[in-house]
Amino acid sequence: MDRGNASVAVEVCRGHPGGMEGDADIARTAALFADPARVRVLLALADGRALAASVLAAEARLSAQGVSAHLAKLRAAGLVVAEKSGRHRFYRLAGPDPAELLETLARFSPAQPVTSLKEGTRAEALRTARTCYDHLAGRLGVAVTAALLSRGALAGASDTLRRPGDRISAPLREHPYTLGPSAASVFDALGVDLDAVAAGRRPLLKFCLDWSEQRHHLAGALGAAVATRFVDAGWVRRRGEAQRALRLTPEGARALAARLGLADLAA
């Protein structure tokens, strides 16, 4: 470019500042998470299901008008989408990214004080077993992921990829997992069709650093397929309509003991 053309280019940029973009407005997005009621709405949706506004209002302890105002802000920010079914409208997270954002914020957030037996029971249930968008989390999710690694269904150095000085809650600098040599047989024993899952468009292997366990649980298409299989087989059941907490059933405990060697999960 000659000196004359360079001058023209500079003048065009100066004359049209609207065509340029600056840094991401993190504060604007973060402000959406500054309201406790709005966070409760997001947490109720964090397992990927679509819920009615009335269910979300009860979960967030809001009036119908109050939850509608929060949902409007979340929809405008692209965190929540609405779906119509007949005369009713249901809301869900706009994909796995908002759920991952919630999980990341949880890792950096102090625990809320427990002031009642009900709150303590619920907190313990979430730490024991829960969904993180559409995959397993909590002690159950971490235990299943560890068993998949030990049985050769997954391979990788998930506990050694951190560099000296990295916080345990910092994202890893490379993907920690690949399919292991026993992947086909182990997932077949669980009732997961590995070829069918791999044929989808969604990334097969992802992971989350579990906020309560500070260890990894399997996510991505394979993590979702495992969670779906557990629910369909009756190995886990949801504890409530709007709760992410899961309960391992006696059938599930026996199945995971036989298939993954997780003999102590029933406790």
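None of the figures in this text is laboratory data; all of them are computed from the coordinates on show. Note that the coordinates shown come from a computational prediction; the quantities given were computed from them, not determined experimentally. Here Cβ is always computed from backbone atoms with ideal geometry, including for glycine, and neighbour counts include all displayed protein chains.
Give me the one-decimal nm value for the distance between modelled label points at A263 and L101, 7 Å along each residue's Cα-to-Cβ direction.
So the label points at A263 and L101 sit 4.5 nm apart.
Roughly speaking, what is the stretch gain from R87 to R202, that is 0.36 nm per residue apart minus the C-alpha to C-alpha distance, in nm to one decimal? Provide the component values of the computation, followed by the final result.
Values: separation 115, 0.36 × 115 = 41.40 nm, distance 3.16 nm.
Residue separation times 0.36 nm, minus the Cα-Cα distance, leaves 38.2 nm.
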